[in-house]
Amino acid sequence: MYKIVRKEVLNPSVSLIEVDAPYIAKKAEPGQFIILRVNETGERIPFTIADYDREKGTVTIIFQKVGKTTELLDTLNAGDEILDFVGPLGVASHFENVKRVAVIGGGLGTAIAYPQAKKLHSMGVEVDMINGFRNKDLVIIEDMCKQACTNLYTMTDDGSNGNKGFVTSKLEELIKSGVKYDLVVAIGPLVMMKAVCELTRPYEIKTIVSMNPVMIDGTGMCGGCRVTVGGETKFACVDGPDFDGHLVDFDQAILRSKMFKEKEADSLKQHKCRMEGMQNA
Ligand SMILES: Cc1cc2nc3c(=O)[nH]c(=O)nc-3n(C[C@H](O)[C@H](O)[C@H](O)COP(=O)(O)OP(=O)(O)OC[C@H]3O[C@@H](n4cnc5c(N)ncnc54)[C@H](O)[C@@H]3O)c2cc1C
Ligand code: FES
C-alpha cells in the first residue's frame, strides 16, 4: 500500500498528491510516469511523475478529474492509501546540446511539462515556459513553474489574467521577435501539440511532444498505447511517451482518443449513481 502524505486542491478539477513511494522516488526521472490502481476492483491508470523527492522518498502526481477513476482518486486524502503504485515507467527525457528551450504546457499538460522545465533549468538552460488555460480560475502551479524557468508566460483564452491568447500565439511572437530556440517541448491536448508542431515545422525547430494514449499494462505487452511516429508503430509506454512531434500522426491519435468516449461516460455515470446511492443510504 502507498500512503498519501500530502494533498492539495489546485483548482476545482485538479488535485496534487504526494505519495510515499521510496523505490520509485529513488529512480524517477522527468518524462517518466507511474501506473496506479486505487483499490482491488479499480482500473490501472497512468500519471506523469510531476515531481519526486529522493530524500523523503516521495513521488508527486497532479491529476484532473475527468472520469470514474480520477473522481475516485480525488476522494482520498492525506493519510489514505493507494493499493498499487508502479513505476517509474517510460523513457526518461534526454536533453543534449540545448541552450534555449521553450516548454509549452496546455491546461493539465502544464503539470506534465513542469518536470521537464525544472530539469532543463537545473542544467543551466534558458527556459521560456508558456502555459495556457481557458481562464484565470483554471491556472495551476504558477509559483512552481516560476521557479523552474527563466521566463514564465501564463496565457488565458479569455484574457482574464491580463494575458489573452493561445500558447501558440505567444510562441510565434517570441520566435518572430528573434528568439532562437534549440528545442520546443509541447505537452497538452493533442490539438494543441499538433498546432505547436505546425508552427515550429517551417522554422525547423525540433519539437518534442508527450503522447497520452489509453494505456493498460504499461509494459509494451498489450499494444493499447500504439501511436504512429515516422510511419512506424510505436508503443507510448515503452518507446515514449515523448516523441518527435514532427513525425507523429496526430490525426490518427485524435481519432483513436475518441474510441472509448461512450464507455467512459457510461462508467462515470454508474460510479456517480453508486456514490449518490451510498450517500443517501
Ligand atoms: C503517459 C500518460 C501520462 C498521463 N499523465 C497524467 C497526469 O499527470 N495527470 C492527469 O490528470 N492525467 C494524466 N494522464 C491521463 C490519465 O491517465 C487519464 O485522465 C485517466 O486515465 C482517466 O481515467 P478516468 O477513469 O478518470 O476517466 P475515463 O472516463 O476512464 O477516461 C477519460 C479520458 O482519460 C483517458 N484515459 C482513460 N483511461 C486511460 C488509461 N488507462 N490510460 C491513459 N488514458 C486513459 C482517455 O483520454 C479518456 O478519454 C496520463 C496519460 C498517460 C498515457
Ligand atoms: S500500455 Fe500496453 S503496450 Fe503500452
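Where a number appears in this text, it was derived from the coordinates with a stated rule and is not lab data. This structure is a prediction, so every number in the text was calculated from the model and none was measured. Quick reminder, even Gly has a Cβ in these numbers, built from the backbone with ideal geometry, and neighbours come from all protein chains shown.
Here are the numbers for the structure shown:
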| quantity | calculated |
| --- | --- |
| Rounded to whole Å, sorted largest first: equivalent-ellipsoid semi-axes of segment 2-89, Cα gyration tensor | 19, 14, 12 |
| Translational D in µm²/s for the chain (Stokes-Einstein at 25 °C, 0.890 mPa s, Kirkwood Rh from C-alpha pairs) | 127 |
| Neighbourhood net charge (11 Å Cβ-Cβ; Lys/Arg +1, Asp/Glu -1) for residue 168 | -1 |
| Rounded tilt (10° steps) of 109-122 against the dominant C-alpha axis of the chain | 60 |
| In degrees, nearest ten, helix 261-280 long axis to first principal axis of the chain (Cα) | 40 |
| For segment 107-155, the fraction of alpha-carbon pairs in successive 5 Å shells from zero, as % | 5, 25, 35, 22, 9, 3, 1 |
| Convex hull projection area averaged over all views, segment 197-250, Cα basis, nm² | 3.5 |
| Crossing angle, helix 190-200 versus the chain [Cα axis fit, 0-90 degrees, rounded to tens] | 10 |
| Those residues of segment 142-168 whose amide nitrogen sits under 15 Å from the label point placed on residue 122, 7 Å along Cα→Cβ | 145, 147-149 |
| Segment 125-186 shape via C-alpha gyration tensor axes, a/c threshold 1.5 | oblate |
| Förster radius 25 Å - calculated FRET efficiency between residue 251 and residue 203, Cβ distance, rounded to 0.05 | 0.70 |
| Approximate spin-label separation residue 54-residue 216, in nm, with each point projected 7 Å along Cα-to-Cβ | 3.6 |
| DSSP loop trypsin sites (Lys or Arg not before Pro) with at most 10 other Cβ within 10 Å: longest gap in the chain | 1-179 |
| Overall form of segment 154-211 per C-alpha gyration tensor (a/c, 1.5; a/b vs b/c) | oblate |
| Distance violations [Cα-Cα > 18 Å] among 118/146; 65/194; 27/119 | 65/194 |
| Diffusion coefficient, µm² s⁻¹, Stokes-Einstein with Kirkwood Rh over alpha-carbon pairs of segment 1-159 at 20 °C and 1.002 mPa s | 133 |
| Calculated on alpha-carbon atoms, Rg and Dmax of segment 78-201 in Å | 15.1, 50 |
| Contour excess over end-to-end distance, with Cα ends at residue 92 and residue 176 and 0.36 nm allotted per residue | 27.1 nm |
| Average Cα contact separation per residue, the chain, under 8 Å, 6 or more apart, as relative contact order % | 15 |
